[in-house]
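Below is one structure, written out as structure tokens; the observations come after it.
We did not get these values from a lab; they are worked out from the coordinates using the rules stated. Keep in mind that this is a model prediction, so the values were computed, not measured. Quick reminder, even Gly has a Cβ in these numbers, built from the backbone with ideal geometry, and neighbours come from all protein chains shown.
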Amino acid sequence: MASTDTTHLAALAGAPPSLRTATADREAVATDRSGHRPATLPDGVVRATSVADVVDTLRWASAHRVPVVPRGAGSGLAAGASAHAGEVVLDLSGMDRILELRPADQVAVTEPGVLTADLDAAAHEHGLFYAPDPASAAYCSIGGNIATNAGGLRCAKYGVTRESVLGLDLVLADGRRVRTGRQTVKGVAGYDLTSLVVGSEGTLAVVVGATVRLRPRPDVTATLAAHFGDVGAAAAAASAITAARLQPSVLELLDEATLVAVDAARGTTLRAAGSAMLIAQCDGRGARADIEALGEVVGRFAAHWRSTTDPVEADELLAARRAGLPALERTGDVFIEDVAVPRSQLAAAVEGIAAISARTGVRIATIAHAGDGNLHPIVVVPRGESVTEGPAWEAAGAVFTLALRLGGTLTGEHGVGLLKRAWLRDELGDDSLALQRSIKAAFDPLGILNPGKAI
């Protein structure tokens, strides 16, 4: 990756005192977990620890037309936080305080750098939980989740990040502070700018605070593990659960390649029980009856299934699911796709992905939030080989096309970032894309916030 001459930055009037231009600093923030490798390094990085740092940085950047790439924990999977020469990274990971936690209102106020799992753990001390639950919860941040409208394992019942964000504290591109939304569960005053910013991938404003909704921790949780002869049967079972009007809080699918990788990484024997697996949870006072009803549906497709209310066994099953991506990363370089399809099309999607893998010779493992039709086909290539060009990228494009053909979308929760923009017009159409770009211009007239991303 090439370096750049950054001496001009320090010469600009009012440069933030926390601006860092050393090569090591810039290398540390150049990209995310997407597998994208920028050809050059960003010009510098500001490591914000306060709202004042963000305000000062954006005022300076606006005055000098310096493009700014907001960054959280760097766990993104669409190159949304990737930065190159001519850009400065605004690192928000140091803004990591939970400012308020009000159990009586079931609300928390948090800075953007707070890790998702840490917020959830703080809520648990009060008998509450934070519903969005990405597989990366231990190392992804609230601000990044807001930027991509992240989902996760519990989204089958509780929805994605947008459903848990009540209000935002923002800094606009010119340094002005704006508060959106509210601290009440209901509220319809004015346009819903909060929902607009959630999922905007840092292109409209920089999130410096969020008021989020917490929920009562369920009294009972029941968990099911089902094993199948092939991934198509597992996907068909997931669709049948939806058709039966059952509402699990978690419904996750792992294919054979993922099970093999998890077994190798964790010393488990999941693959021996079948070539695909569903993990489901139901919560609340009716959890036991709900999981048995779910098992009756799954039993028509599965080789065998079992259920438990033992929290230790449940945690072990969910740990195996969360280990899917890290286990595959041990076997090569990866690109994690994020398509979603109507839930009735889940089996067609997994079978189509398998056909693409067979046709192209590119290894693709599939993990899915099956409860809402969100698939993560993971392209795996030998170490050091590019995942964003050549056969691997052609296979990824075929998966995008498949999802759109099945009535789906390019991204369910990871965002468009830099990597999916070439397909965006196919999904949105010219008029919608033009409207969205006019909204971007209203928020950021100079186009300095995360340019080239999202739209």
Q | Lys, Arg +1 and Asp, Glu -1 on Cβ, resulting dipole of region 218-323 about Cα centre, debye, nearest 20 | A | 120
Q) So, in Å, what gap is there between the alpha-carbon centers of region 146-161 and region 17-48? A) 28
Q.
What do you get for trypsin sites (Lys or Arg not before Pro) in region 347-455 restricted to DSSP loop and a cutoff of at most 16 other Cβ within 10 Å of the site's Cβ?
A. ARG383
Q | THR401-ALA264 pseudo-label distance in nm [points 7 Å out on the Cα-to-Cβ vector] | A | 3.0
Q | Cβ-placed point charges (K, R +1; D, E -1), dipole of region 7-91 about Cα centre in debye, nearest 20 | A | 80
Q: With r as the distance between the Cβ atoms of ARG65 and THR23 and R0 = 35 Å, compute the FRET efficiency 1/(1 + (r/R0)^6) and round to 0.05.
A: 0.90
Q. Around VAL198, with a cut-off of 12 angstrom between Cβ atoms, what is the net charge of the other residues, counting Lys and Arg +1 and Asp and Glu -1?
A. -3
Q) How big is D, in µm² s⁻¹, for the chain by Stokes-Einstein at 20 °C and 1.002 mPa s if Rh is the Kirkwood radius over C-alpha pairs? A) 95
Q) Of ALA138, CYS155, THR366, which is farthest on the positive side of the dipole of the chain, counting Cα position, with +1 on Lys and Arg Cβ, -1 on Asp and Glu Cβ, and the Cα centre as origin? A) CYS155
Q: With r as the distance between the Cβ atoms of ALA13 and TYR139 and R0 = 41 Å, compute the FRET efficiency 1/(1 + (r/R0)^6) and round to 0.05.
A: 0.65
Q | Residues HIS84, HIS414, sorted so that the one with the fewest Cβ neighbours within 10 Å comes first | A | HIS84, HIS414
Q. Sorted by mean Cβ packing within 10 Å, highest first, what order do the peptides 21-30, 142-151 take?
A. 142-151, 21-30
Q) Given region 13-166, what percent of its DSSP beta bridges are antiparallel, to the nearest 5? A) 45
**Q.** Top positive-direction residue, dipole computed over the chain with Cβ charges, set HIS304, ALA236, VAL188
**A.** VAL188
Q | Cα-based convex hull, region 79-180, per residue volume (Å³, whole number) | A | 113
Q) Which of the peptides 337-346, 62-71 is most tightly packed, and how do the rest follow, judged by the mean count of other Cβ atoms within 10 Å per residue? A) 337-346, 62-71
Q: Starting at the first residue of region 446-455, write each ³J(HN,Hα) from the Karplus equation 6.51 cos²θ - 1.76 cosθ + 1.60 with θ = phi - 60°, in whole Hz, x for Gly and Pro.
A: 8, x, 8, 8, 6, x, x, 10, 6, 10
Q. Tell me, how many Å apart are the Cα centres for region 214-280 and for region 353-410?
A. 20
Q | Interchain or long-range residues, amide H under 5 Å from LEU153's placed H | A | ASP133, ALA135
Q. Under unit Cβ charges (Lys, Arg +1; Asp, Glu -1), what dipole magnitude, rounded to 20 debye, does region 51-122 have relative to its Cα centre?
A. 280
Q | Most to least packed among 120-130, 51-61 [average Cβ atoms within 10 Å] | A | 51-61, 120-130
(Q) Can you compute the modelled spin-label distance between ARG425 and ASP174, with each label point 7 Å from Cα toward Cβ, in nm? (A) 3.2
Q | For region 191-206, 3J(HN,Hα) per residue [Karplus equation, 6.51 cos²θ - 1.76 cosθ + 1.60, θ = phi - 60°, Hz, x = Gly/Pro] | A | 5, 8, 5, 4, 5, 5, 6, 4, x, 8, 6, x, 8, 10, 6, 9
Q | ³J(HN,Hα), Karplus 6.51/-1.76/1.60, whole Hz, each residue of region 135-152, x for Gly, Pro | A | 4, 8, 3, 5, 9, 9, 10, 4, x, x, 4, 5, 4, 9, 6, 4, x, x
Q) Summing +1 for each Lys or Arg and -1 for each Asp or Glu, what net charge is found among the other residues whose Cβ lies under 12 Å from the Cβ of SER386? A) -2
(Q) Between 0 and 90 degrees, rounded to the nearest ten: what's the tilt of helix 311-322 against the longest Cα principal axis of the chain? (A) 60
Q. Contour minus end-to-end for ARG217 and ALA189, with contour as 0.36 nm per residue of separation and end-to-end as the Cα-Cα distance?
A. 7.1 nm
Q: At 0.36 nm per residue, minus the direct Cα-Cα distance, what do THR360 and ALA289 gain on full extension? Give it in nm, one decimal, please.
A: 21.1 nm
Q) If the label point is 7 Å along Cα→Cβ of THR308, which residues in region 279-300 have backbone nitrogen under 13 Å from it? A) 280
Q: Would you mind checking which residues have amide H under 5 Å from LEU128's amide H? H placed 1.01 Å from N; only 5 or more apart, or other chain.
A: ARG217
(Q) Let me check I've understood the local charge: for LEU259, count other residues with C-beta under 11 angstrom from its C-beta, Lys and Arg +1, Asp and Glu -1. What total comes out? (A) 0
**Q.** Cβ-derived FRET efficiency at R0 60 Å, ALA442 paired with ASP315, nearest 0.05
**A.** 0.85
